[in-house]
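Below you'll find the structure, written out as structure tokens, and then a few comments.
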Amino acid sequence: MKVDFVAIGAHPDDVELSAAGTLMKEIEQGKTVALIDLTEGELGSRGTIETRYEEAAAASKIMGVTDRVNLNLGDGFFDLSQENKIKIIEQIRYYQPEVVFVNAKSDRHPDHGRGAQLAKEACFLSGLVKIETSYEGAPQKPWRPKIVLGYIQDRYLEPNFVVDITAQVPKKIEAILAYKTQFYNPDAEGPQTPISGEDFIDFLKGRWAGFGRSIGVDYAEGFTVDRTIGIKTISDII
Ligand SMILES: [Zn+2]
């Protein structure tokens, strides 16, 4: 199944929090997006594995993504093993994305930086012809995305570029709040966490407003890149 973009997150909800506006904007333009969750988020303080799957499905529907898969590599403890890289390579070769989004390269939660590293290495290795993988018994062809973009999460990182998501913010918040056990929900049970209060939504909007201000729009999402990115024309710059 070929898609235009793949967004990978260590936990279900990482992509919604940090790149959903940009992805929904692309979907509105007719592009296709698949999401890969590396873990089930089973160590989260609130909710269960089952509720997390239901919430992820609800968020996917709001965002309009084409497909979503969970690799269940183990919340908190997945490593940069060959086995884990192969699992991601199989997905990259299956979806054949032009662009891959990955976690923040360094963040408060150690899974984020490690998840970014794992995904980035897999994207490179996926292009090597001598690494053999198969899907449903058929050999897969090598595939390397054009570029890997890191989204920005809890800790502030200086973005290399930002995307105007002003029009997508209401739907983005809807996708985030689909995680009813994780984020602000007066009816939720369980302990309060650093992300379960109403103030967390204010924090997120403040972050998007800060990135937006840097380009003269209300809200934006920021991204980091390891390589230089090209633009087609100077007129594309806002
Ligand atoms: Zn996370």
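Scanning segment 116-134 for residues that are surrounded by 14 or more Cβ atoms within 10 Å (Cβ to Cβ) and among the charged types (D, E, K, R), which turns out nearest to Pro145 (Cα to Cα)?
My answer is Lys120.
Restricting to segment 179-238, count the residues that are charged (D, E, K, R), under 19 Å from Val169 (Cα atoms), more than 18 Å from the chain's Cα centre (by Cα) and at pLDDT 90 or above.
5
Which condition from (1) surrounded by fewer than 15 Cβ atoms within 10 Å (Cβ to Cβ); (2) acidic (Asp, Glu); (3) within 25 Å of Gly44 (Cα to Cα); (4) in contact with a helix residue (DSSP H, G or I) (Cβ under 6 Å, 6 or more places away or on another chain) is the one that Glu174 breaks?
(1)
Give the residue that is surrounded by the most Cβ atoms within 10 Å (Cβ to Cβ), with candidates limited to residues of segment 194-238 that are part of a loop (DSSP other than H, G, I, E, B) and in contact with a Ser or Thr (Cβ under 6 Å, 6 or more places away or on another chain).
Among them, the one singled out is Tyr219.
Please pick out the residue among Ala167, Ala119 that is within 16 Å of the ligand (Cβ to nearest atom), in contact (Cβ under 8 Å) with a residue 60 or more places away in the chain and within 21 Å of the chain's Cα centre (by Cα).
Result of the check over Ala167, Ala119: Ala119.
Kindly check whether there is at least one residue in segment 50-68 that is of a type in the set (S, T, N, Q) and within 21 Å of Gly190 (Cα to Cα).
Scanning segment 50-68, I find at least one residue that is of a type in the set (S, T, N, Q) and within 21 Å of Gly190 (Cα to Cα), so the answer is yes.
Going through segment 26-58 one residue at a time, which ones are basic (Lys, Arg) and either at positive phi or touching a strand residue (DSSP E or B) at 6+ places or on another chain (Cβ under 7 Å) (or both)?
Within segment 26-58, just Lys31 meets the criteria.
Residue-wise test of (1) under 15 Å from the mean Cα position of the chain (by Cα); (2) within 21 Å of Phe200 (Cα to Cα); (3) aliphatic (A, V, I, L, M).
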site: His109; (1), (2), (3): yes, yes, no
site: Ile131; (1), (2), (3): no, no, yes
site: Glu136; (1), (2), (3): no, no, no
site: Pro142; (1), (2), (3): no, no, no
site: Tyr151; (1), (2), (3): yes, yes, no
site: Asp154; (1), (2), (3): yes, yes, no
site: Leu157; (1), (2), (3): no, yes, yes
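The values are calculated or read from the model by the stated rules, or taken from the named source; none is laboratory data. In this text the structure is predicted, and so the values were computed from the model without any measurement. Note that each Cβ is placed from the backbone with ideal geometry, even for glycine, and that neighbours are counted across all protein chains shown.
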